[in-house]
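Undergrad: Have a look at this one before I ask anything.
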Amino acid sequence: MQPGRAVVATRNEHKLRELRVILGGFELLPLPREVELPPEDAETFAENALDKARAAHAATGMAAIADDSGIAAYALGGRPGPRSARYAGPNATDEENLNLLLRELADKDDRSVAYVCALAYVDADGNEQLVEGRCEGTLAEQPRGTGGFGYDPAFVPVDTGSGDDRTMAELDPDEKHAISHRGRAARELAKLLEA
């Protein structure tokens, strides 16, 4: 990847750290405190990501990267989806959001879930690129593990194999990045930027 700089339209340190690892050839700068991001109230991950990347680009004049990501439960028609970070309320913690999803799936036979990440890139000239990454899995009945964040302690990815029931929060960071929705989206973006 050609070395470059971009501001990342997030206040989430976990996301910034993950993207820095995956997009190692890019200098990723945190969003300046004074930049206001639009509310994540679109119906899709893609729309939310593009809205944030456009806002960060407009405010800074720099290339901007933004993601919107979350979990989709098949038995719940794709919920929480783009509302993943606020599922249990506007100021809900990761633990509150996860506990609500666990309660809602407690009596469901289908515990299939997918992590989805839309990653938007707006270059310094305003040209836009959008990629998406997915990671399929099942929701464990109880949270396990201390790594990761969000829904990771209950997300058991299918990519680790049928005999492996570790959650995302139990994988080491390299294992997680290799299969995660954000990792997949970031690698797709890296290919586009290299081209």
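Undergrad: Kindly list the number of the only condition in (1) in contact with a strand residue (DSSP E or B) (Cβ under 6 Å, 6 or more places away or on another chain); (2) modelled with pLDDT under 95 that fails for Thr146.
TA: Against the list (1) in contact with a strand residue (DSSP E or B) (Cβ under 6 Å, 6 or more places away or on another chain); (2) modelled with pLDDT under 95, Thr146 comes up short only on (1).
Undergrad: For region 159-168, indicate whether the set of residues that are crowded, with 17+ Cβ neighbours inside 10 Å and closer than 22 Å to Glu43 by Cα is non-empty.
TA: Within region 159-168, none of the residues are crowded, with 17+ Cβ neighbours inside 10 Å and closer than 22 Å to Glu43 by Cα.
Undergrad: Test Tyr74 against the criterion of being touching a helix residue (DSSP H, G or I) at 6+ places or on another chain (Cβ under 7 Å) and hydroxyl-bearing (Ser, Thr, Tyr), and give yes or no.
TA: No: the conditions fail for Tyr74.
Undergrad: Considering only residues that are in contact (Cβ under 8 Å) with a residue 40 or more places away in the chain and in contact with a strand residue (DSSP E or B) (Cβ under 9 Å, 6 or more places away or on another chain), look in region 133-143 and name the one that is surrounded by the fewest Cβ atoms within 10 Å (Cβ to Cβ).
TA: So the residue we want is Arg134.
Undergrad: Looking at Arg166, Arg187, which is the one that is part of a helix (DSSP H, G or I) and either touching a His at 6+ places or on another chain (Cβ under 8 Å) or of a type in the set (D, E, K, R) (or both)?
TA: Arg187
Undergrad: Of Glu40, Glu18, Glu13, Glu36, which residue is touching a residue at least 12 places away in the same chain (Cβ under 8 Å) and exposed (fewer than 12 other Cβ atoms within 10 Å of the Cβ)?
TA: Selected residue: Glu36, the only one of Glu40, Glu18, Glu13, Glu36 that is touching a residue at least 12 places away in the same chain (Cβ under 8 Å) and exposed (fewer than 12 other Cβ atoms within 10 Å of the Cβ).
Undergrad: Shifting gears a bit: Could you figure out which of (1) at pLDDT 95 or above; (2) buried (at least 17 other Cβ atoms within 10 Å of the Cβ) isn't true of Gly78?
TA: Result: Gly78 fails condition (2) only.
Undergrad: Within region 67-75, does at least one residue satisfy the condition of being farther than 27 Å from Val156 by Cα and touching a Leu at 6+ places or on another chain (Cβ under 7 Å)?
TA: No, region 67-75 has no match at all.
Undergrad: Let me ask you something else. Might you check whether a residue that is touching a His at 6+ places or on another chain (Cβ under 6 Å), touching a residue at least 40 places away in the same chain (Cβ under 8 Å) and surrounded by fewer than 18 Cβ atoms within 10 Å (Cβ to Cβ) occurs anywhere in region 124-132?
TA: Scanning region 124-132, I find no residue that is touching a His at 6+ places or on another chain (Cβ under 6 Å), touching a residue at least 40 places away in the same chain (Cβ under 8 Å) and surrounded by fewer than 18 Cβ atoms within 10 Å (Cβ to Cβ), so the answer is no.
The values are calculated or read from the model by the stated rules, or taken from the named source; none is laboratory data. Since the model is a prediction, treat every value here as computed from it, not as a measurement. Positions of Cβ are generated from backbone atoms using ideal geometry, with glycine treated the same way; all protein chains shown enter the neighbour counts.
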